[in-house]
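Notes follow once the structure below has been shown.
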Amino acid sequence: MKHLARFAAVLLAAVFFLAVTALADPVTLPANLEVIEAEAFEGCESLSGVLYIPAEVEVDATAFDHTPNLTVTRSLWRVAVIGDSGDLSEPSLNRDVWSAVSAFCQARDIPCVYGTDLDAALSGGSNVVITVGFLAAGGVGTAQTACPGVRFICLDGAVDNQQSNVYTVSYSTREAGFMAGYAAVRMGYRSLGFMGGMDLPDVVGYGQGFLQGANRAAIELNLTDAVSAAYVYTGSFMPSGSAYQTARSWYQAGTEVIFCAGGSQGESVIRAADETGGRMIGVDTDQRALYGDNVVTSAMKNLGYSATDALSRILAGAWDGIGGTSPTLGVVHAAPADNHVCLAPTTSFNSGFTAADYAAMVGKLLSGEYSTSAALEIAVSGSPAQP
């Protein structure tokens, strides 16, 4: 069957395309097929799902005219990004991942969609699903068994009873926090603040890393007696009057920059910063676009890099190297942007902290010269009002 003309459409529709909507594995045409001729499936509106056609098969431009329910693709893979919000208009981890994945897929002619409904993505034929955050990963525990041929990449989320078709990624917030603290002191700030939400492992990692990075920079600059930090967990990830008042009192007492690892509590901190002339360090994503120029940098989980790194492994046939694993990832390359944690691209570099200084810091984290070990934790005072 080297050529497929219109007379064969009915037979194949009855025998072959019944499987087009299968979710577990891509559906392919017969191996010896070379050409799908003009109008071969023209008007076959009952066909639905996703059909993979190898690149070497010649397809006439009219072969699939008027088949509105059928998606024809030259890619073996169909990717879906599942976020916890459908709003991509503001900076968020969802938007970070979608921007990176959609660009990656577009460059390789891989079908790619964004949504918040995991079941809809699977029924639509996606066989690579990338979830963003804990909420979005919630349905993967069931789906991993129901759809064994689907590869699930769960970023910043966890899956119970994880199977070999699931890859979950956590992030070294200690390294991200270290970068922020180191940068802050090298930028010239001497009175620092850290406001975390609840004292959960990720938040504690950000805070302790921040102190360790600031301490390292202070040692290098012979400023160990000149750098101080206020530190508190507020117990919430939401904006509040108490968070605003705490931040405002810190700024008024001389705190120059506050690293806020408290989710949308950053709204309270940046309000206080804007009113007092203070500065803020954002968290997770690049928050300057959200809060303005008083954000000097952000300690980022680089989920977009993690997503495209995993996709590259899938395309290279190397899924077995990551499937079923749950690593905590951070600095893995000397190039600052090619890491799972990083500083925001809008970082306010200056003569004290240049792009070259940033690269040098990343290199020392990579080599182990700079350590963020929990064994090196810095004790913090119980009094948040005093830096």
- line: Restricting region 186-217 to residues that are among the small types (Gly, Ala, Ser) and assigned to a helix (DSSP H, G or I), the one nearest to Gly157 (Cα to Cα) turns out to be Gly205
- request: Kindly provide the set of residues from region 309-328 that are surrounded by 18 or more Cβ atoms within 10 Å (Cβ to Cβ) and of a type in the set (A, V, I, L, M), ordered by number.
  value: Ala310, Leu311, Ile314, Ile322
- request: Would you kindly identify the strands (runs of 3 or more DSSP E) lying entirely within region 252-308 that contain at least 1 residues that are of a type in the set (D, E, K, R), farther than 30 Å from Ile153 by Cβ and in contact (Cβ under 8 Å) with a residue 40 or more places away in the chain?
  value: 279-284
task: Considering every residue within region 218-227, establish whether at least one is part of a helix (DSSP H, G or I), touching a helix residue (DSSP H, G or I) at 6+ places or on another chain (Cβ under 8 Å) and within 28 Å of Asp96 (Cα to Cα).
output: no
message: Go through (1) at pLDDT 95 or above; (2) assigned by TED's automatic domain parsing to the domain that holds Gln208 for Ala289 and report which single condition fails.
response: (1)
- prompt: Somewhere in region 135-144, is a residue within 13 Å of Ala307 (Cβ to Cβ), touching a Phe, Trp or Tyr at 6+ places or on another chain (Cβ under 8 Å) and modelled with pLDDT of 95 or more?
  reply: no
task: Taking Pro387 as meeting all but one of (1) at pLDDT 95 or above; (2) surrounded by 14 or more Cβ atoms within 10 Å (Cβ to Cβ); (3) closer than 21 Å to Ala214 by Cα, write down the number of the exception.
output: (1)
- prompt: Taking the condition closer than 26 Å to Ser164 by Cβ, out of contact with any His (no Cβ under 7 Å at 6 or more places or on another chain) and at pLDDT 90 or above, does Leu76 pass?
  reply: no
- prompt: Of the residues Val35, Val50, Val27, Val57, which single one is modelled with pLDDT of 85 or more and either under 28 Å from Val129 (Cβ atoms) or surrounded by 14 or more Cβ atoms within 10 Å (Cβ to Cβ) (or both)?
  reply: Val35
- request: Scan region 287-308 residue by residue and report those that are among the acidic types (Asp, Glu) and crowded, with 22+ Cβ neighbours inside 10 Å.
  value: none
task: Mind listing whichever residues of region 329-345 are loosely packed, with under 14 Cβ neighbours inside 10 Å and either in contact (Cβ under 8 Å) with a residue 40 or more places away in the chain or in contact with a Gly (Cβ under 8 Å, 6 or more places away or on another chain) (or both)?
output: Pro345
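The values are calculated or read from the model by the stated rules, or taken from the named source; none is laboratory data. Treat the numbers as computed from the prediction; the structure is a model and nothing was measured. All Cβ positions, glycine included, derive from the backbone under ideal geometry; neighbour counts span all protein chains shown.
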